[in-house]
1. Determine which member of the set 134, 73, 103 is at positive phi, within 16 Å of the ligand (Cβ to nearest atom) and of a type outside the set (Gly, Ala, Ser).
2. Within the set of pairs 6 or more residues apart or between chains, which connect a residue that is in contact (Cβ under 8 Å) with a residue 60 or more places away in the chain and open to solvent by less than 20 Å² (accessible area, probe 1.4 Å) inside segment 346-358 to a residue that is more than 12 Å from the ligand (Cβ to nearest atom) and charged (D, E, K, R) with Cβ atoms less than 8 Å apart?
3. Considering only residues that are away from the ligand (no atom under 16 Å from the Cβ) and aliphatic (A, V, I, L, M), look in segment 171-190 and name the one that is nearest to residue 251 (Cα to Cα).
4. For segment 348-372, give me each residue that is more than 12 Å from the ligand (Cβ to nearest atom), closer than 22 Å to residue 78 by Cβ and acidic (Asp, Glu).
5. Every residue in segment 196-238 that is open to solvent by less than 40 Å² (accessible area, probe 1.4 Å) and in a loop (DSSP other than H, G, I, E, B), please.
6. For segment 1-89, give me every one of the strands (runs of 3 or more DSSP E) that falls completely inside it and has 3 or more residues that are open to solvent by 20 Å² or more (accessible area, probe 1.4 Å) and touching a helix residue (DSSP H, G or I) at 6+ places or on another chain (Cβ under 7 Å).
7. Of everything in segment 335-347, what is of a type in the set (A, V, I, L, M, F, W, C) and either farther than 22 Å from residue 125 by Cβ or within 16 Å of the ligand (Cβ to nearest atom) (or both)? Give them in sequence order.
8. For residues in segment 157-170 being surrounded by fewer than 24 Cβ atoms within 10 Å (Cβ to Cβ) and away from the ligand (no atom under 16 Å from the Cβ), which is farthest from residue 17 (Cα to Cα)?
Amino acid sequence: MTQAAVAILERLVAFDTVSATSNLDLVGWVADYLDGLGIESVLTRNAEGTKANLYATVGPGGRGGIILSGHTDVVPVAGQAWTSDPFRLDARGERLYGRGTADMKGFIALVLARVPNALASPLQIPLHIALSYDEEVGCLGVPALIRSLPEGAARPRLAIIGEPTGMQVANAHKGIHFLRTRLTGHEAHSSMPERGVNAIAAAAEIIVEIGRLAAQCRAAAPADSRFDPPYTSFNIGRIAGGAAVNIIARDCAFDWEFRPVPGEDAAALRRRIDDFIMADLLPRLRAGHPDAAVETETMALVPPLVPDPGSPAETLARDLTGANEATTIAFATEAGLFQAAGIPAVICGPGSIEVAHQPDEFITRDQLAAGGAFLDRLLAWARRGGNERPNPDG
Ligand SMILES: [Zn+2]
């Protein structure tokens, strides 16, 4: 079975699905593969038609089932020192190298490789394969897939997100709010500051205010937090503005983010900055020139995964792995989006996040075997109708 998964992984890695490029070749290949097994795929595309999510059900239709979720896009390889072609699976002993092997084409390959087996004897509970695009640039693809899910009895009962956790069960992560603030001032000769409005200096004021807010969040971190760091963190990641040292800068823009811990009132944090801009900063800028403006755009918003001990997703994943407890992960995933749509979700998948996004990303054969065994137990459970608890040793 691992052999079949490795062959599929080789195909998946060969598709360059860096988020900036189309994933349609990969999705088309998967749809053909599933079609060859008699399974229909439903695609939801982006507005330009250049990318698609794929959703396919194995087993009885019309019943809620288990979503197995993976993203098809990968992070760029540009500027990274790879010792082999990142888009060609390179097997060296125990390790299989290639972009996306851990994050997260390895999991997708394992799921696809099990479909023939899943069809061999009937499932009582369906498995839904959910493949998304643009996860790595802010989970932009999967909301359309989630919106297309059926309501009522056919609504999937839970989702397992196969991000690399080394097959640990994770039930919590922070969210991400990715924002872009653009400032427009008024240009003038630098020798006459009263005639201009400096957009860079105004941006600096907002950045200082964000720093104050970050310090408050840091100070408010609960002592018993499972997160590292235990508070909602902020970052200013990029800034650009101005034209020359002797011109008062008309334009400035900066990218910033914050990563709210579950339970944080993220809207209130955002409002704090918006209020500073609207009530304090902008009136002062407008006094300098009436065209002065500040706009903040939400580029991506990933909700946190709120721990929900005893949820059907956590219970099933823990039963399948034999894990005594669920862990917390430092990275954000699509799990929070499924949870926000009323579908309990956990993260559990093969491979290590330590090698994800790195040159010479790899997955071990051992992790593929562990992920495969997890799926085999899931299949056995789905055949029985899910009534008995799965045996993690069987
Ligand atoms: Zn990932």
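1. Just one listed residue meets the conditions, 134.
2. The qualifying pairs are 346/314.
3. Here the residue is 183.
4. Passing the criteria: 354, 360.
5. Listed by number, the residues that qualify are 196, 221, 225, 227, 232.
6. Details: elements: 41-45, 52-58, 66-71.
In segment 1-89, the matching strands (runs of 3 or more DSSP E) lie at 41-45.
7. First, the residues of segment 335-347 that are of a type in the set (A, V, I, L, M, F, W, C): 335, 337-338, 340-341, 343, 345-347.
335, 337, 338, 340, 345, 346, 347, listed by residue number.
8. Applying the filter and picking the extreme gives 157.
The values are calculated or read from the model by the stated rules, or taken from the named source; none is laboratory data. What you see is a predicted model; the values in this text were computed from it and never measured. No Cβ is skipped: glycine too gets one built from the backbone with ideal geometry, and neighbour counts run over all protein chains shown. Note: areas computed on protein heavy atoms with side chains; ligands, DNA, RNA excluded. Shrake-Rupley method; radii C 1.70, N 1.55, O 1.52, S 1.80 Å.
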